[in-house]
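Here is the structure we will look at.
The values are calculated or read from the model by the stated rules, or taken from the named source; none is laboratory data. Quick caveat: nothing in here was measured; it's all calculated off a predicted structure. Quick reminder, even Gly has a Cβ in these numbers, built from the backbone with ideal geometry, and neighbours come from all protein chains shown. To get the accessible areas, we keep the full protein, side chains included, count just its heavy atoms, and leave off ligands, DNA and RNA. Shrake-Rupley method; radii C 1.70, N 1.55, O 1.52, S 1.80 Å.
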Amino acid sequence: MAQSITPNAISALLSNPSPDSSSDLPHIVLQVLDLKPSGNRFMFNASDGKLKLRAILPFNQSPEVHSGNIQNLGLIRIIDYTLNDIPNKSEKYLIVTKCEPVSPALEAEIKSEVNTVTASSVGIVLKPKQEVTAKSAAQIVQEQHHNVTRTERKAVSRRVNPLVSLNPYQGNWTIKVSVTSKGNMRTYKNARGEGCVFNVELTDEDGTQIQATMFNDAARKFYDKFVLGKVYYISKGTLKVANKQFKTVQNDYEMTLNDYSEVEEVADEAAFVPATKFNFVPIDQLGPHVNKNELVDVVGVVQNVSSTMSIRRKSNNETVPKRDITIADDTKKTVVVSLWNELATTIGQELLDIADQSPIVAIKSLKVGDFQGVSLSAINKSVVLINPDFPEASKLRCWYDSEGKEAAMASVGAGSSPASKNGNRSVYSDRVSLSHITSNPSLGEDKPAFFSIRGYISFIKPEQAMWYRACKTCNKKVTESIGAGYWCEGCQKNDDQCNLRYILVVKVSDASGEAFISVFNEEAEKIVGCSADELDILKSQDGEDSPYQMKLKQATWVPHLLRVSVTQNEYNNEKRQRITARAIVPVDFATESKLLLEDISKMGVSQ
């Protein structure tokens, strides 16, 4: 017999906003009206011919819409759903977590005077409802186990919400998720005092992920409870719109678990491990991502693998292993990727062993920095795959074997002209005048702002403290010991000798104005033309024409390209701009001429 839409379906849904199990779900067929996209979801009005209800198809149902199976004016059968309140209104909206298409688009909307639509009235044949024999939770449990625990009975009967259906306005929910990433416990201090925090990344059976964060008592309560790879039921958490600056997974929302949240481990169940999805950025397109919050994925051919180095962290003086690998892609650009900790010692060693075979690597979740112009650095959640089996890697292998092996490669951070060997590509991007920085006192308030400038070193004050005594091992400041030598607080040792390292302020001028810029050791050596130790020797020499004064004078009115950061510092309760040189290179006049010609041509087009 031909099936019709379900009479009074909306009333049936409203009377049962959150069914406990699939056996409680009535047979409901509705018409889809006003179907339209909203972000990665679809909104529509669900109609039974008499009443309408605002509804959402989450992104896991989007393929059904894109394929044309679900259409505007078509019919769908609701298999699973949740009803949520609309904020500040007495209405509700329907989240369709699972459905199946019943009919393509009808000729018109089913009006209120028509109670049912048969196959003869619309010229279509609807799918008959399949006969399903449903068993109660008690029957299922009795068949499987004669003696079951209270937890097992609860697990069988509970209703689990998919992550895609959650939103901040939803009431009670329970999710079943696997812990796919767990962060370390961190401490913090703010105006309200000290505290601790950690977060986890959770994944459900559909592959949807969400980040959950816990503070203070909740962090201490659940830190040992959450184990990487195990499966849990979680309820009584809160959701809010995800902060794009800190989110680590693709989800519009993030979860907070409090002290009263419930977390229950699901025994003897395999974890839901999502397939690693990549969104590759070509190496020559990494520039716009420098010092931004978002992470990038890259795929490349390994050109070089360094030995393991030991790096001392400034934050806690801890020594961590580091290894650099250089990769290239079909843009004929190379970039250095820094691997840390276990990635450096395991994956890095494996790459070193097969480096002569030029393996392909795909790396997920890398930070883009401005060291040497453009560089990449792995973080705790980074994933490295060697010779992966997917189209991008196969295409890159074919390119490299056919022509890339013999192609001339250039660093993505190198200047656009081969003559500027020590140049950084970043000094040619974000080019501004000094007045642009000094006339905008709010620059650098929230986070450091980065610019490139071309200017002259117009003045170096000779009387300033131009260097500090530094440890030969870690370059941190040392103090004179009571007996002899120099004490390093970082290394916790006494040394007979120390180095001098520059820390000076220079005045830089261009056509628009001037500004004082802080310069540190490596960049200062490029300006002065000698090391701080050598300049100290010159300072000790007497004479009418002081070699020290002459050396500083020779360093002035020389043009440089500078990459600078702009931050806000507080001095005597007054906020001031602090401009710091991050990279300094000589002016490549051929490249500068090309840039000027490009600017002139743009001016002609605009006129």
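By the rule of a C-alpha distance below 15 Å, with chain neighbours fewer than 8 residues away ignored, the aspartates and glutamates paired with K551 are E463, E525, D533, E534, D536, D542.
Amide H contacts of I28: I78, each under 5 Å away and 5 or more positions distant or on a separate chain (H built 1.01 Å from N in the peptide plane; Pro and chain starts excluded). Per residue, region 197-250 exposes 50 Å² of solvent-accessible protein surface, assessed with a 1.4 angstrom probe and all protein chains in place.
Among 98-105, 209-216, sorting by the average number of other beta carbon atoms lying within 10 angstrom of each residue, highest first, gives 209-216, 98-105. For region 541-589, just say rounded, prolate or oblate: build the C-alpha gyration tensor, square-root its eigenvalues into a ≥ b ≥ c, call rounded for a/c under 1.5, and beyond that prolate if a/b exceeds b/c, oblate if not. It is oblate, given that a/c is not under 1.5 and a/b is not larger than b/c. Taking amide hydrogens as placed 1.01 Å from N in the peptide plane, the amide H of A583 sits under 5 Å from those of R563, each at least 5 positions away in sequence or on another chain.
Applying 1/(1 + (r/R0)^6) with R0 = 30 Å to the Cβ-Cβ distance of V160 and E294, what FRET efficiency is obtained, to the nearest 0.05?
According to the calculation, E is roughly 0.40.
Cross-linked pairs K526/K575; K98/K364; K176/K236; K221/K364: Cα-Cα separations exceed 24 Å for K526/K575; K98/K364; K221/K364. Here region 168-212 is scanned for amide nitrogen atoms under 13 Å from the site 7 Å beyond the Cα of S235 along Cα-to-Cβ, giving 171-176.
In sequence order, region 322-335 has phi-based couplings of 9, 9, 9, 10, 10, 10, 9, 9, 6, 7, 6, 10, 10, 8 Hz under the Karplus curve 6.51 cos²θ - 1.76 cosθ + 1.60, θ = phi - 60°, and Gly or Pro positions carry x.
Across region 191-198, coupling constants 3J(HN,Hα) worked out from phi with the 6.51/-1.76/1.60 Karplus curve, θ = phi - 60°, read 5, 8, x, 9, x, 9, 7, 8 Hz, and Gly and Pro carry x.
Taking only protein heavy atoms into account and a 1.4 Å probe, give the accessible area per residue of region 298-355 in Å².
Details: 2720 Å² over 58 residues.
Per-residue value: 47 Å².
Of the peptides 300-309, 186-195, 440-449, the ranking by mean beta-carbon count within 10 Å, highest at the top, reads 300-309, 440-449, 186-195.
Take each peptide in 43-50, 477-484, count the other Cβ atoms within 10 Å of every residue, and average; sorted highest first, the result is 43-50, 477-484. Under 15 Å of direct C-alpha separation, and excluding same-chain neighbours fewer than eight residues apart, K230 reaches these aspartates and glutamates: E201, D204, E205, E264, E265, D268, E269.
What is the sum of charges around V231, taking Lys and Arg as +1, Asp and Glu as -1, for the other residues whose C-beta is under 13 Å from the C-beta of V231?
Charge balance near V231 sits at -3.
Model label sites at S540 and N184, defined 7 Å from Cα along the beta-carbon direction, differ in position by 4.3 nm. With an a/c value of 1.5 or above and a/b not larger than b/c for the gyration tensor axes a ≥ b ≥ c computed over the alpha-carbon atoms, region 480-569 is described as oblate.
Partners of K395 within straight-line reach, counting aspartates and glutamates whose Cα lies under 13 Å from its Cα and excluding those fewer than 8 residues away in the same chain: D329, D330, E403. With the cut-off at 32 Å, tell me which of the pairs K332/K477; K189/K367; K36/K447 have Cα atoms farther apart than that. With Cα atoms farther than 32 Å apart: K332/K477; K36/K447.
Cα gyration tensor of region 162-297, axes a ≥ b ≥ c as square roots of the eigenvalues: rounded (a/c below 1.5), prolate (a/b > b/c) or oblate? Oblate shape, in that a/c is at least 1.5 and b/c is the bigger or equal ratio.
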